[in-house]
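K.L.:
Quick one: the structure is below, and I'll ask about it shortly.
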Amino acid sequence: MADFARPRGTYDIKPSETPAWQAVEDLARTLFSHYHFEEMRTPIFEHTEVFERGVGDTSDIVQKEMYTFVTRGEKSVTLRPEGTAGVVRAFVENKLYGGPLPAKLWYLGPMFRYEAPQAGRNRQFHQYGVEVIGSSDPRVDAEVIELGARFLLEAGVADARLELNSVGCPVCRAAHRAALIAHLAPIRGSLCADCQGRFEKNPLRILDCKKDRDRPEVKSSPRITEYLCADCQTQYSAVKHNLDVLGVSYVEDSTLVRGLDYYTQTTFEFVDDRIGAKSTLLAGGRYNGLVEQLGGPDMPGIGFAGGVERLLLARAVQEEEEGAAKIDAYIVTFGSDLTIFDASLRVLSLLRKAGVTADLDYAGRGVKAQMKTADRLGARVAVLLGDEEVANGAVTLRDLMTKEQNQVSEDACVEAVLALLSR
Ligand code: ATP
Ligand code: MG
């Protein structure tokens with residue numbers, strides 16, 4: 001039987017969906033040119049060594065995710081798994097380093113990775129991205145990061161979290177590498193096969209390995225930030241200062257390594273936990289060694305790439321949340337005792353009579369799930385009812401904003417909730 005279905009990990013963008021895509025494409029065009037970036041279009045396939053060199057041969061992408069093939073006895077080519085390597089290759093090949101610097105380039109288009117498909121992870125997906133090549137000024141780092149934040153915001157994703165780190169330069173990395181190898185040596189034998197391979201070559205990658213990164217021994221590894229040389233420390237402080245000047249808030253995460261050899265100094269990710277396991281919307285960093293790696297002059301660079309699919313996913317989740325009617329109070333019951341159920345009905349009715357929008361879970365779900373629902377519904381207060389409360393003829397009120405909680409008698413419940421709501 002002929003198989004006419006589309007390949008796994010691909011999808012059709014139907015006419016009802018294209019307007020959302022066009023909006024993202026329009027935003028890229030207008031916002032990036034507003035920041036004085038110019039579009040660069042490169043081939044969808046490159047010689048395989050562009051990615052081996054340009055992405056790094058210890059990376060997951062090169063080790064197992066590339067679509068590589070040989071056409072009619074010619075050289076091996078690979079469908080591009082990301083945009084940076086091709087853009088930098090084109091920058092070098094077209095001698096753009098002879099033009100005005102820094103070069104500020106953006107791109108948008110399909111990328112290809114052989115991965116296990118799931119929501120937010122496809123085999124053909126789309127990335128938008130920018131690269132600034134030819135400046136190591138920490139104001140450029142801040143500009144690129146602020147542009148990423150602005151892009152997500154204007155695309156309609158309100159609260160992605162910015163995680164920031166510095167992975168140093170080859171000088172500080174050598175010291176960290178030695179410490180890392182010493183620290184991980186005792187568990188070397190039990191690391192995953194990939195990490196065994198990376199152990200000597202690029203142990204920093206182990207911190208980023210999906211299989212091993214959550215192991216306590218890996219988590220307690222020496223942090224790269226403790227090994228930064230004076231130059232990298234100065235750069236990192238300046239980047240943070242510039243982000244403060246621009247009003248971009250961030251959380252530092254010393255485990256954030258985008259572990260390619262030529263990645264240097266600034267690394268960052270914008271994360272939105274609401275879209276599930278695949279939560280990174282946009283990621284980037286400085287790559288001061290890459291231009292030279294790809295045959296160009298020794299020239300610094302920095303950039304980011306974001307996934308269009310994940311962006312649209314995040315926006316859909318957010319629109320759903322915003323669309324959902326908000327409530328004031330959510331009743332959370334511990335246990336299924338009849339007396340608890342009776343109390344929950346009484347309290348619910350009292351609150352509603354007092355004009356408080358309230359609801360409760362009838363699906364018999366666990367406390368954690370009920371608390372999650374309370375959050376999702378935007379409740380200000382959770383009314384907790386369990387054995388202890390019922391025995392005391394009381395309820396526990398949890399202010400979901402301040403996380404304070406206290407017990408009040410059932411009779412005083414309505415007044416206490418109203419007081420909380422009017423704060
Ligand atoms: P992950 O940890 O999710 O595997 P990654 O480190 O491989 O991400 P990058 O190479 O940094 O991702 O790509 C930048 C962005 O491109 C990601 O943050 C994500 O939004 C998007 N992206 C990467 N791989 C895929 C994919 N297979 N399907 C859809 N989007 C993707
Ligand atoms: Mg990946």
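The values are calculated or read from the model by the stated rules, or taken from the named source; none is laboratory data. Everything quoted here is computed from the prediction, not taken from an experiment. When we count neighbours, we look across all protein chains shown, and the Cβ atoms used for this are built from the backbone with ideal geometry, even at glycine. Just the protein is used for accessible areas: all its heavy atoms, side chains included, with ligands, DNA and RNA removed. Shrake-Rupley method; radii C 1.70, N 1.55, O 1.52, S 1.80 Å.
K.L.:
Since residue 113 meets every condition but one in (1) of a type in the set (Lys, Arg); (2) open to solvent by less than 10 Å² (accessible area, probe 1.4 Å); (3) under 22 Å from the mean Cα position of the chain (by Cα), which condition does it not meet?
P.N.:
Of (1) of a type in the set (Lys, Arg); (2) open to solvent by less than 10 Å² (accessible area, probe 1.4 Å); (3) under 22 Å from the mean Cα position of the chain (by Cα), only one is false for residue 113: (2).
K.L.:
Residue check: is residue 274 part of a helix (DSSP H, G or I), in contact with a strand residue (DSSP E or B) (Cβ under 9 Å, 6 or more places away or on another chain) and closer than 30 Å to residue 236 by Cβ? Spell out how you get there, then give the answer.
P.N.:
Values: part of a helix (DSSP H, G or I): yes; in contact with a strand residue (DSSP E or B) (Cβ under 9 Å, 6 or more places away or on another chain): no; closer than 30 Å to residue 236 by Cβ: yes.
Spelling it out, it is not the case that residue 274 is part of a helix (DSSP H, G or I), in contact with a strand residue (DSSP E or B) (Cβ under 9 Å, 6 or more places away or on another chain) and closer than 30 Å to residue 236 by Cβ.
K.L.:
When only residues in the range 18-62 that are modelled with pLDDT of 95 or more and part of a loop (DSSP other than H, G, I, E, B) count, which is nearest to ligand 2 (Cβ to nearest atom)?
P.N.:
44
K.L.:
So, one more: Would a scan of the range 137-147 turn up a residue that is under 18 Å from the mean Cα position of the chain (by Cα) and of a type in the set (Val, Ile, Thr)?
P.N.:
Yes - at least one qualifying residue is present in the range 137-147.
K.L.:
Out of the residues in the range 368-423 that are basic (Lys, Arg) and assigned to a loop (DSSP other than H, G, I, E, B), which is modelled with the highest pLDDT?
P.N.:
Among residues in the range 368-423 that are basic (Lys, Arg) and assigned to a loop (DSSP other than H, G, I, E, B), the one modelled with the highest pLDDT is 380.
K.L.:
Please verify whether residue 129 is within 16 Å of ligand 2 (Cβ to nearest atom), open to solvent by less than 70 Å² (accessible area, probe 1.4 Å) and modelled with pLDDT under 95, treating the condition exactly as stated.
P.N.:
Here the answer is no, as residue 129 does not meet what is asked.
K.L.:
Further question: Residues being away from ligand 1 (no atom under 13 Å from the Cβ) and either of a type in the set (A, V, I, L, M) or more than 16 Å from residue 294 (Cα to Cα) (or both): count how many of those fall in the range 80-97.
P.N.:
Matching residues across the range 80-97 total 5.
K.L.:
Give the residue that is most open to solvent (accessible area, probe 1.4 Å), with candidates limited to residues of the range 1-40 that are closer than 23 Å to residue 76 by Cβ and touching a strand residue (DSSP E or B) at 6+ places or on another chain (Cβ under 8 Å).
P.N.:
Checking each candidate, the answer is 10.
K.L.:
When residue 317 is evaluated against the numbered criteria (1) β-branched (Val, Ile, Thr); (2) open to solvent by less than 30 Å² (accessible area, probe 1.4 Å); (3) not in a strand (DSSP E or B), which criterion, by number, is the only one it fails?
P.N.:
Exception for residue 317: condition (2).
K.L.:
Kindly provide the set of residues from the range 98-146 that are more than 16 Å from ligand 1 (Cβ to nearest atom) and assigned to a strand (DSSP E or B), ordered by number. Give the steps one after another, and end with the answer.
P.N.:
Applying the first criterion (more than 16 Å from ligand 1 (Cβ to nearest atom)) to the range 98-146 yields 98-105, 132-143, 146.
Listed by number, the residues that qualify are 103, 104, 105, 132, 133.
K.L.:
Does residue 141 satisfy being in contact with a Ser or Thr (Cβ under 6 Å, 6 or more places away or on another chain) and either within 16 Å of ligand 2 (Cβ to nearest atom) or acidic (Asp, Glu) (or both)?
P.N.:
yes
K.L.:
When you scan the range 280-293, do you find a residue that is under 23 Å from the mean Cα position of the chain (by Cα), part of a loop (DSSP other than H, G, I, E, B) and more than 18 Å from residue 24 (Cβ to Cβ), even just one?
P.N.:
Yes, the range 280-293 has at least one match.
K.L.:
How about the range 220-261: which of its residues are of a type in the set (Gly, Ala, Ser) and in a loop (DSSP other than H, G, I, E, B)?
P.N.:
Selection gives 220, 221, 247, 249, 254, 259.
K.L.:
Suppose we filter the range 183-216 for residues that are of a type in the set (D, E, K, R) and part of a helix (DSSP H, G or I); how many remain?
P.N.:
Count: 7.
K.L.:
Can you find a residue that is under 30 Å from residue 395 (Cβ atoms), among the charged types (D, E, K, R) and either surrounded by fewer than 22 Cβ atoms within 10 Å (Cβ to Cβ) or within 16 Å of ligand 2 (Cβ to nearest atom) (or both) anywhere in the range 293-303? Step through it out loud before you land on a result.
P.N.:
From the range 293-303, those under 30 Å from residue 395 (Cβ atoms) are none; that's our starting set.
For the range 293-303, residues under 30 Å from residue 395 (Cβ atoms), among the charged types (D, E, K, R) and either surrounded by fewer than 22 Cβ atoms within 10 Å (Cβ to Cβ) or within 16 Å of ligand 2 (Cβ to nearest atom) (or both): absent.
K.L.:
Continuing with this model, one more query. Would you check if there is a residue in the range 160-171 being within 14 Å of residue 282 (Cα to Cα), free of Cβ contacts under 8 Å to residues at least 12 places away in the same chain, more than 16 Å from ligand 2 (Cβ to nearest atom) and surrounded by fewer than 21 Cβ atoms within 10 Å (Cβ to Cβ)?
P.N.:
Within the range 160-171, not a single residue is within 14 Å of residue 282 (Cα to Cα), free of Cβ contacts under 8 Å to residues at least 12 places away in the same chain, more than 16 Å from ligand 2 (Cβ to nearest atom) and surrounded by fewer than 21 Cβ atoms within 10 Å (Cβ to Cβ).
K.L.:
Which residue is nearest to ligand 1 (Cβ to nearest atom), if the candidates are limited to the range 51-79 and must be surrounded by 11 or more Cβ atoms within 10 Å (Cβ to Cβ) and among the basic types (Lys, Arg)?
P.N.:
Checked the range 51-79; the qualifying residue nearest to ligand 1 (Cβ to nearest atom) is 64.
K.L.:
A follow-up question, please. Could you say which residue among 120, 189 is small (Gly, Ala, Ser), touching a Leu at 6+ places or on another chain (Cβ under 7 Å) and more than 19 Å from residue 246 (Cα to Cα)?
P.N.:
Testing whether each residue is small (Gly, Ala, Ser), touching a Leu at 6+ places or on another chain (Cβ under 7 Å) and more than 19 Å from residue 246 (Cα to Cα) leaves just 120.
K.L.:
Within the range 172-205, restricting attention to residues that are closer than 18 Å to residue 285 by Cα and modelled with pLDDT under 90, which residue is surrounded by the fewest Cβ atoms within 10 Å (Cβ to Cβ)?
P.N.:
Of everything passing the filter in the range 172-205, 202 is surrounded by the fewest Cβ atoms within 10 Å (Cβ to Cβ).
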